[in-house]
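To start, the structure itself, in structure tokens.
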Amino acid sequence: MDTNRRNFLKVAGISTLAGLGGTTIVNRLIAGVDEAHAAAAAGAEMEQKAAETIRYGLVIDIKKFQQDPSLGEKAVNACHQIHNVPKFPEKRDEIKWIWMTHFENAFAESPNLYQDEANQTHLLPILCNHCDNPPCVRVCPTKATYRYEDGIVGMDYHRCIGCRFCMAACPYGSRSFNWRDPRPFIENINRDYPARTRGVVEKCNFCVERVQAGLQPACVEAVGDSKALVFGNLKDPNSEIRQILKEKQTIQRNPSLGTIPSVFYIV
Amino acid sequence: MFEKALKGNKYYWMWLAFLGFFIAVGVVSYLRQYYVGLTLTGMTRDVSWGLYIAQFTFLVGVAAGGVMLVLPYYIHNFKAFGRITILGEFLAIASLLMCMMFIMVDLGQPLRALNVILHPTPHSMLFWDMCVLWGYLILNALCGWVILTAERKQVAPPKWIYFFVYLSIPFAFSIHTVTAMLYCGLPGRHFWLSAIVAPRFLASAFAAGPALIVVMALILKRVANFDAGKEAIDKMVTIITYAAITNVFFLSLEFFVGYYSDIPGHQHSLQYLFFGLEHHGHVYNNLVPFMWGFVILFLVGISLITHPYTRRKSDLWLGIGCASIFTAFWLDKGIGFVLAGFLPTPIHEIVEYYPNINEIFVTLGVWATGFFILTVLYKIALGVEHEIEA
Ligand code: SF4
Ligand code: SF4
Ligand code: SF4
């Protein structure tokens, strides 16, 4: 999907299910080609503005996930349920958008022989970092992986050719591939979000469809008031997320690679 | 000229039928994969490229290796290669077609392959790889065909073709350089993130490609009454020797950097390939036998092609030597290089790759298709040669 069409969708108030191309979207596109042009111009301006004023980010409080281990499960289940992420019987087919792992895995580049006990035994969530300088976008030969102006790194499942170059390029292992048809393995299908076909890559999309409709990401909502996950606009100095970043010391996953992640961890 | 491919003796047809059998098996296996998905391979979200992309990488090298005939002949006017440059060009065509097939069978959505052209993305190295591979294929097909046609008519090739012949030389270097750039520009994959990958690829290509041509030439001498000439073979063996030693020298530099600096990220993949990688009390080593096979075959091959007796006195030993070098570098690049780059995973887990039987059949099918094309092309080329002689 080209930028114009994407902008049109945004302006038209349809949640930006870029490239998911539901029939309603297609019909409206056919009906509204003229408006589309006008809207596209306006949309380009809006994107420009978004680039200057919005960059979405997420703060993850590792301590809170240690204190209440059920939070992790809630976040993972909420995401996978709402995004139709399948559960395969075989590990080799596995697809995951967000999952719980050990500190030493998430931060493998900073090993510590004398790791504190809490971090040794407890798990923390990892997901796509929505890098400001994303290698996955750089290598994709079809622009099926692209970066929105608001910092979210999204996927066009209808354009992806399944070359998996982005999987080799992502230094965080955030991406999964549909090795087989996922549909039979989705437990409760959510009709508001498309299921994927076999042969395409997918990953956490920072809930772009919810965020652009003014909602919080599903995982953030799922952990409720615990504040274990806080989502917000990094470019707004008054946002909650910026307040937290001001007060607490945070770390990022492998920042030395220059990817500039948008996900921060409070240790 | 195609009619030349339709006349052959019993062995010619038996050989084609033999390849045809593997092609059929490959097609059936691919159809299975097409309808079920790439779950019928050994790949996972951790080792997301496998046998297919590894074969692709190796075969780009074989294709580029053909330039080791074209360059001395056209640039240095090394006349002895006159009869066999066509073998190099046709080998490049067959290898490139195999490369493209390996890419296609690896794609999750092959019907969308055209998206690479419909949405050209210059910041993706895959886009450039596609450009140079197609460019090199077209150049080789054009030059090979025009020159062979002229030869058949026993006239000098038209002048304009030389422009394309010369153009094909930088293209040969570029296909393997850009293929190396698919790997060596990825952050966080330490084994690949090395400036020596491209030169190493070229060195290995300039050994493996000509090694295969020597083997072919020796076979053709026996079965098709075609003599490449002692001088040509001897020169090629010299090229193979230097290129092969350079490749192994570059690899040893990787060892030095990894083990002397003692930075774990720079060692892990080498450790995994050659000695086995210990992780949480378990040693992962499924590629170790292949890599030692590489080392041993290299040593055997290099001894055979450098020792004066085996090199000059015996076609059989020379052929075995070249075949050993070819196989050694296939193990190195067509198996080890791609797979080891994925380990350990970004979150420091070890997931070993074991190819699926279906995947192996598809791989064999593509190789068989390539050799089928190569056989037909060589048949045509030799048919023309024989026609001139007669
Ligand atoms: S974490 Fe990986 S998939 Fe996500 S934006 Fe960064 S490179 Fe891309
Ligand atoms: S698999 Fe899809 S998203 Fe990833 S690089 Fe290839 S085309 Fe782009
Ligand atoms: S932000 Fe949305 S897509 Fe990403 S992990 Fe959370 S719920 Fe899933």
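The values are calculated or read from the model by the stated rules, or taken from the named source; none is laboratory data. Note that the structure is a prediction, hence the values are computed from the model and not measured. Cβ sites come from the backbone with ideal geometry, for glycine too, and all protein chains shown count toward neighbours. Side chains included, ligands, DNA and RNA excluded: accessible areas come from the protein's heavy atoms. Shrake-Rupley method; radii C 1.70, N 1.55, O 1.52, S 1.80 Å.
Across the stretch B:29-56, the qualifying residues are those that are open to solvent by 20 Å² or more (accessible area, probe 1.4 Å) and more than 10 Å from chain A (Cβ to nearest Cβ), and the one among them that is nearest to A:Phe165 (Cα to Cα) is B:Leu51.
Of all residues in the stretch A:47-91, those that are open to solvent by 50 Å² or more (accessible area, probe 1.4 Å) and farther than 24 Å from A:Asn119 by Cβ total 9. Of all residues in the stretch A:60-93, those satisfying the criterion of being within 16 Å of ligand 1 (Cβ to nearest atom) and either within 14 Å of chain B (Cβ to nearest Cβ) or touching a helix residue (DSSP H, G or I) at 6+ places or on another chain (Cβ under 7 Å) (or both) are A:Cys79, A:Val85. Entry remark, the stretch A:135-149: residues being more than 7 Å from chain B (Cβ to nearest Cβ) and either under 12 Å from the mean Cα position of the chain (by Cα) or open to solvent by 10 Å² or more (accessible area, probe 1.4 Å) (or both) number 7 in total. The residues of the stretch A:154-170 that are within 8 Å of ligand 2 (Cβ to nearest atom), among the aliphatic types (A, V, I, L, M) and within 19 Å of B:Met104 (Cβ to Cβ), listed by number, are A:Ile161, A:Met167. A Cβ distance below 9 Å, combined with a sequence gap of six or more or placement on separate chains, defines the contacts here; from the stretch A:207-227, residues that are part of a loop (DSSP other than H, G, I, E, B) reach residues that are of a type in the set (Lys, Arg) and within 12 Å of ligand 3 (Cβ to nearest atom) in the pairs A:Gln216/A:Arg210; A:Pro217/A:Arg210; A:Val223/A:Lys74. The condition of being out of contact with any Lys or Arg (no Cβ under 9 Å at 6 or more places or on another chain), open to solvent by 10 Å² or more (accessible area, probe 1.4 Å), at pLDDT 95 or above and β-branched (Val, Ile, Thr) does not hold for B:Ile86. Filtering the stretch A:179-192 to residues that are at the interface with another protein chain (Cβ under 7 Å from one of its Cβ atoms) and either hydrophobic (A, V, I, L, M, F, W, C) or open to solvent by less than 50 Å² (accessible area, probe 1.4 Å) (or both) leaves only A:Trp179. The set of residues in the stretch B:99-119 that are within 9 Å of chain A (Cβ to nearest Cβ) and open to solvent by less than 60 Å² (accessible area, probe 1.4 Å) comprises B:Ile103, B:Asp106, B:Leu107, B:Gly108, B:Gln109, B:Pro110, B:Arg112, B:Ala113, B:Asn115, B:Val116, B:His119.
May I ask you to verify whether A:Tyr157 is in contact with a Lys or Arg (Cβ under 6 Å, 6 or more places away or on another chain), on the phi < 0 side of the Ramachandran plot, away from ligand 1 (no atom under 11 Å from the Cβ) and open to solvent by 10 Å² or more (accessible area, probe 1.4 Å)? In short, yes. Total residues in the stretch B:1-26 satisfying the condition of being under 30 Å from B:Gly336 (Cβ atoms) and surrounded by 17 or more Cβ atoms within 10 Å (Cβ to Cβ): the figure is 4. Look at the stretch A:143-168: where a residue is of a type in the set (Asp, Glu) and a partner is assigned to a strand (DSSP E or B) and more than 6 Å from ligand 2 (Cβ to nearest atom), sitting 6+ places away or on another chain with Cβ atoms under 6 Å, you get A:Asp150/A:Tyr56.
Restricting attention to the stretch A:167-180, the residues that are more than 11 Å from ligand 1 (Cβ to nearest atom) and touching a helix residue (DSSP H, G or I) at 6+ places or on another chain (Cβ under 8 Å) total 3. Out of everything in the stretch B:160-210 that is in contact (Cβ under 8 Å) with a residue 60 or more places away in the chain and assigned to a loop (DSSP other than H, G, I, E, B), what residue ends up being farthest from the other protein chains (Cβ to nearest Cβ)? Result: B:Ser194. Across the stretch A:139-153, the qualifying residues are those that are of a type outside the set (Gly, Ala, Ser) and more than 8 Å from ligand 2 (Cβ to nearest atom), and the one among them that is nearest to B:Ala54 (Cα to Cα) is A:Tyr146.
Return the residues of the stretch B:234-288 that are of a type in the set (Asp, Glu) and closer than 29 Å to B:Thr310 by Cβ; say none if nothing qualifies. Passing the criteria: only B:Asp234.
For the stretch A:231-249, the candidate set comprises residues that are of a type in the set (S, T, N, Q) and surrounded by 15 or more Cβ atoms within 10 Å (Cβ to Cβ); within that set, the residue that is nearest to ligand 2 (Cβ to nearest atom) is A:Asn233. When each of B:Phe250, B:Phe256 is tested for being without any contact (Cβ under 8 Å) to a residue 12 or more places away in the chain and in a helix (DSSP H, G or I), the lone residue that passes is B:Phe256. Residue count for the stretch A:193-211, restricted to those that are within 12 Å of ligand 3 (Cβ to nearest atom) and away from every other protein chain (no Cβ under 14 Å): 8.
Scanning the stretch B:52-82 for residues that are more than 23 Å from B:Ala244 (Cα to Cα) and under 22 Å from the mean Cα position of the chain (by Cα) yields a single hit, B:Tyr52.
Residue count for the stretch A:178-203 under the criterion of being within 15 Å of the chain's Cα centre (by Cα) and either outside any loop (DSSP other than H, G, I, E, B) or within 10 Å of A:Val85 (Cα to Cα) (or both): the result is 3.
Within the stretch B:248-284, if we keep just the residues that are aromatic (Phe, Trp, Tyr) and open to solvent by less than 30 Å² (accessible area, probe 1.4 Å), the residue that is farthest from B:Ala328 (Cα to Cα) turns out to be B:Tyr272.
Among residues of the stretch B:334-368 being β-branched (Val, Ile, Thr) and closer than 13 Å to B:Leu277 by Cβ, the one that is least open to solvent (accessible area, probe 1.4 Å) is B:Thr345. Restricting attention to the stretch A:245-254, does a residue exist that is away from chain B (no Cβ under 14 Å), part of a strand (DSSP E or B), over 14 Å from the mean Cα position of the chain (by Cα) and at pLDDT 95 or above? Checked the stretch A:245-254: at least one residue is away from chain B (no Cβ under 14 Å), part of a strand (DSSP E or B), over 14 Å from the mean Cα position of the chain (by Cα) and at pLDDT 95 or above.
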